[in-house]
Structure formats: C-alpha cells, structure tokens
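These notes concern the structure reproduced below.
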Amino acid sequence: MATTAKESILKKIRQALAQPVPVPFPASEGGESVFKPLIQELEIEFAENFTKLQGRFSFCAGLSELAQQLNTLATARKWTKMYCREDELKAALNSFGFTGHEHTDLSSCEAAITTCESLIARTGSIIMSTAQQSGRTVSVYAPVHICVAFTHQLKYDIKEGLSELKEKYTDRLPSLITLATGPSRTADIEKTLVVGVHGPKEVFCFLVDS
C-alpha cells in the first residue's frame, strides 16, 4: 500500500512538471517596494521605530559626546562590568575618556558594547554579522546590549542593508548575519509578553553623526 501511494504521488509530481500551471499573478514579483516611501529623515525614522519596540535611542554629535553619554549611563546604572571585544571601538572610546569596558568576562558582565553593519530605519532594526570582532555571542549573551552606530550606516529598508553586505564582502559573506529588532521577547508563555528570554532585556543604540 505504501509503495502504491508513493508511486501515485511521484506520478502526479511528474505530470505537474511536464505541464506546469501558469502563475496566477505574474506581476506579483516586482522591483518596487510594497512599503510606503520615506517621508522623513532616516535618523528620525529609525529613532521612532526603534523606540516603539522598547529600544533606547540616543543621538551623539561625535565620539566625544558618545563617550560622555556612555559614562553618564554607566554611572546612573552603577555598572562596573562593561564588556567590549572590538579593539578599534575600545581605542576610540578610550581616547575620549571612557574606560568602562575593561571587564574581560562576557558571562558576568552587566552590559556589552558592539558596533553593527547597518541600521534599518523602516523597522528599527540592527544588522550585525560574525565579520565584526564581537562575533556571535556578545550582542545576545549580555543582559544589556549597547550598539554604537554611525549615521552613514543608516539604510531605509532591509533590502538595502543586505545589498550593502553583498557589495562589502562579495563572495565571502559572513557565516551569520543577524537582524535584531529591539530587546528579546516572546509571547509563547500563556500568551504573556516576556522580555529578555532569549537575549538582552534592554537594547541601547547610540547613533553618532559621521
């Protein structure tokens, strides 16, 4: 019986391939975006969508102001264990007086600082990859993720962000590309929204003018 059923299915598949059904909506796949066009600056669009998703956004006029704002945040939260794996970012922050990232153990840190590949304004998302020195774990393992980005990294839609990655890495795309949209959340537990189950409970984005 099982063999007969299998043969029947394979026969139908062969017939379908021999006589393909016309696509019912041939114009459904187009190059135009189905989303509304951008009507305001990318910085504002990203900030609005990012904060709607419980993200915490801050704009910095330069690296000096970034270091100052990070110092203020660390003092307000009483953080003494801030982790950063990216040498270039650490050097830049050090040069402007921020030294709160000297903690070397990710598993016991209070907050982790990373850069990103790009910011997606339409969805308020952060694109990261394993090509960054922070690797796979830093942005999701710490209870608080602090992302440092620059205005030239702003893109309107996800397609633009992915296209830039293809141009940047050509045939050597990173093994993991992550699209993070706000703090980790799930509603699987009795349909109740719970934040911080599979990743950080809080996500900060410091956008630096560049």
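The values are calculated or read from the model by the stated rules, or taken from the named source; none is laboratory data. Given the structure is predicted, the values throughout are model-derived calculations rather than measurements. In this analysis, Cβ positions are derived from the backbone assuming ideal geometry, glycine residues included, and neighbour counts consider all displayed protein chains.
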Inset, instruction - Name every residue in the stretch 66-94 that is without any contact (Cβ under 8 Å) to a residue 12 or more places away in the chain and over 22 Å from the mean Cα position of the chain (by Cα), in order of residue number. - result: Thr72, Thr75, Ala76, Lys78, Ala91, Asn94
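Matching residues to (1) more than 17 Å from Leu154 (Cα to Cα); (2) touching a strand residue (DSSP E or B) at 6+ places or on another chain (Cβ under 6 Å):
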position: Phe57; (1), (2): no, yes
position: Leu70; (1), (2): yes, no
position: Leu73; (1), (2): yes, no
position: Lys90; (1), (2): yes, yes
Inset, instruction - Report whether or not Glu102 is among the charged types (D, E, K, R) and either buried (at least 17 other Cβ atoms within 10 Å of the Cβ) or closer than 16 Å to Val148 by Cβ (or both). - result: no
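Answer yes or no as to whether Thr123 is under 26 Å from Ser64 (Cα atoms), among the hydroxyl-bearing types (Ser, Thr, Tyr) and not in a helix (DSSP H, G or I).
no
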Inset, instruction - Provide a single number: the residues in the stretch 38-59 that are β-branched (Val, Ile, Thr) and either touching a helix residue (DSSP H, G or I) at 6+ places or on another chain (Cβ under 8 Å) or at pLDDT below 90 (or both). - result: 1
Inset, instruction - Quick one: in the stretch 86-99, of everything that is within 17 Å of Gln132 (Cβ to Cβ) and in contact with a helix residue (DSSP H, G or I) (Cβ under 6 Å, 6 or more places away or on another chain), which residue is surrounded by the fewest Cβ atoms within 10 Å (Cβ to Cβ)? - result: Ala92
Inset, instruction - Kindly establish whether Ile146 is more than 19 Å from Lys90 (Cα to Cα) and among the hydrophobic types (A, V, I, L, M, F, W, C). - result: no
